Each structure stands twice: as C-alpha cells, then as structure tokens.
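The values are calculated or read from the model by the stated rules, or taken from the named source; none is laboratory data. Please read these numbers as outputs of a predicted model, since none were measured by experiment. Counting neighbours? That spans all protein chains shown, and the Cβs are built from the backbone with ideal geometry, glycine included. Heavy atoms of the whole protein, side chains included, go into the accessibility calculation; ligands, DNA and RNA do not. Shrake-Rupley method; radii C 1.70, N 1.55, O 1.52, S 1.80 Å.
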Amino acid sequence: VLVYDLKLTKQVGRRGTWTDADTALETAFTTLSPLDVQIERACELLEEEGALADGFAMLAFGQAGLVARGIVQLCPEVPARVLATYDSPHGGDYGGEASASVYQEGDPYSVAVQERLAAAGYVRDPFRLEVYGGTSALARLNREGGGERASKRWKEREVRGLSHLSKLILLYGGPEPASEGLGSEQQQRWHRWEPATSAWFQTFHALPDRAGPRSPLEEGALEGVRVSALWKLPVYAGLGLEALDIGRKLVVEQLSGCTYADAEWGKSKEE
C-alpha cells in the first residue's frame, strides 16, 4: 500500500522528508492562497503521480477537506474513488473562529479579502447569499452560485457532483476548545466552524423578516438563523449526496471525545 502525504508546496511520498521551514511555507500557502488556487495546485500534483492512476482514497482534515472535494469535483483526470473528510466546513462558516478571523480583515466578499485569505472562500453569510454565490469558492463547489471570481480553470470546467465516488465519509469531531481570550459565554459555544456540524453539510438559513447583522461577531447575530437538516436540501440536489446515501455509499459519523485539535494532522507519525 502506497501512502502519500500531499503537501501543496512540496510533494512528499512515503519516505519523504519534511522540515520546520517546509511546514511554515505550507501553512502560509494554505492560509493565504484562495481555495481555487489550492485546488488547482493539488490537481497538478496528483495528475503527475502515475502510481495513483488506478484510483486511490483521500483523507483530509478541516479546510483541506474542501480542497480534496475540489479535486473530486473539478479534476476528472485524478481518479479519487473514496473521500473521507474530518471536521471540514462543507456547509460553510458563519460565526466560528475561521470566519471571525476573516471579518476582522474586512468584508469577506471583497476582492482584497477573497484573494488573500483562504477562509474567505467558505464564509457563508445567510443574509448575503447573493453576494456569497457570486464570489465564494464554496458556493461553486456546492452549486449555489457561479463563483464569478473563480480562476480560469474553474470557469472552463464543469463542477461535477459526488455520486461517482465509491464512498463518501463525513466525520465530525465535536466542539473545539475555546481560544484564549474568549469570555465564558463564548467559550461555551465557540467552534472552529458555525454551525459546528458544517462537517455534515449543515448550514445556516436566515429566519424570515430578520435583518442581518454587519458581522456574525455582533452580539445576538446567530439568533436570526436556523440550522438546516443535514444534507437533504434542494440546493444540494446536484451534488448527489442523497443518491450516495440511498446506495449506502455515504457515511456520516461523530467521533465522540475527539476534536479537530486532537488530530494534529500536520505531525505525521510512522506506524
């Protein structure tokens, strides 16, 4: 069995080496590069890997799960058969730590923020869905919009659904420990993403007749939204999630007592 640790700034095979400097470069690239750029880079690396030509399985954590899904949906030359994601914001983020960092930089849908923060690509503001649909990488992956600011490769390619996968595994690890500096009330509700079950494609919908706040960080901002019912939304019909479920190819699980932080996926261990 061949095991590859795919890094977007350097391809590392089974016995590859990885230094602290490599880690810093990878972190900078995955934090500051738009998601469509990251997906393009991942597709280029995998298309060149002949050892994977007969098909392979992907396991991705957090934001990397969106990159992995982009590979499946936008790069048919890459024969991914199984996709497993762990605490990945498939339903977007509105009010979690990731979107909080984006809103602190300005309007998440502005060109400047979209082009310099990867997390801006999956901020899903339920009060601004029209703008979200025209700018967000996630909107394009979820078939909620055209993603007008997408890269040339994205515009030239059809966004496939997921029904061709042999298996799709969506894992949710539970609430994250609070960040330092948050008050006790925030500590009780703070997650890496909001809703916390975005890992299962759950997302927020604005309640009728509720005006949206300027930012999800405003007090009471989440009082005007409700959480959707898993993946069974009309907007997700084209993704093939229900077809996977009917065919028993969809696994949705919570790993009790295990959070995203516990995974420490950047620190590889040899078994």
Hey, among the residues in the stretch 210-226 that are open to solvent by 100 Å² or more (accessible area, probe 1.4 Å) and assigned to a loop (DSSP other than H, G, I, E, B), which one's nearest to TYR109 (Cα to Cα)?
ARG214
If ARG128 meets every condition in (1) at pLDDT 95 or above; (2) within 20 Å of VAL227 (Cβ to Cβ); (3) charged (D, E, K, R) apart from one, which number is that one?
(1)
Just to check your reading of the model, which residue among SER215, SER228, SER198 is modelled with pLDDT of 75 or more, polar (S, T, N, Q) and in contact with a Phe, Trp or Tyr (Cβ under 7 Å, 6 or more places away or on another chain)?
SER215
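Test GLY147 against the criterion of being surrounded by fewer than 18 Cβ atoms within 10 Å (Cβ to Cβ), modelled with pLDDT under 90 and in contact with a Lys or Arg (Cβ under 9 Å, 6 or more places away or on another chain), and give yes or no.
Judged against the criteria, GLY147 is not a match.
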Considering (1) open to solvent by less than 50 Å² (accessible area, probe 1.4 Å); (2) under 19 Å from the mean Cα position of the chain (by Cα), say which one GLY55 fails and leave the rest.
(2)
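Table: residues versus (1) within 11 Å of the chain's Cα centre (by Cα); (2) among the polar types (S, T, N, Q); (3) crowded, with 22+ Cβ neighbours inside 10 Å; (4) farther than 22 Å from GLU194 by Cβ.
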site	(1), (2), (3), (4)
CYS75	no, no, no, yes
ARG81	no, no, no, yes
ASP87	yes, no, yes, no
GLY96	no, no, yes, no
SER99	no, yes, yes, no
GLU105	no, no, no, no
PRO108	no, no, yes, no
ALA118	yes, no, yes, no
Close pairs (6 angstrom Cβ cut-off, 6 or more residues apart or separate chains): in a helix (DSSP H, G or I) in the stretch 116-136, crowded, with 20+ Cβ neighbours inside 10 Å and among the basic types (Lys, Arg) anywhere
TYR132/ARG124
Filter the stretch 17-39 down to the residues that are under 21 Å from TYR109 (Cα atoms) and open to solvent by less than 40 Å² (accessible area, probe 1.4 Å) and list them by number.
THR30, SER33, PRO34, LEU35, ASP36, GLN38, ILE39
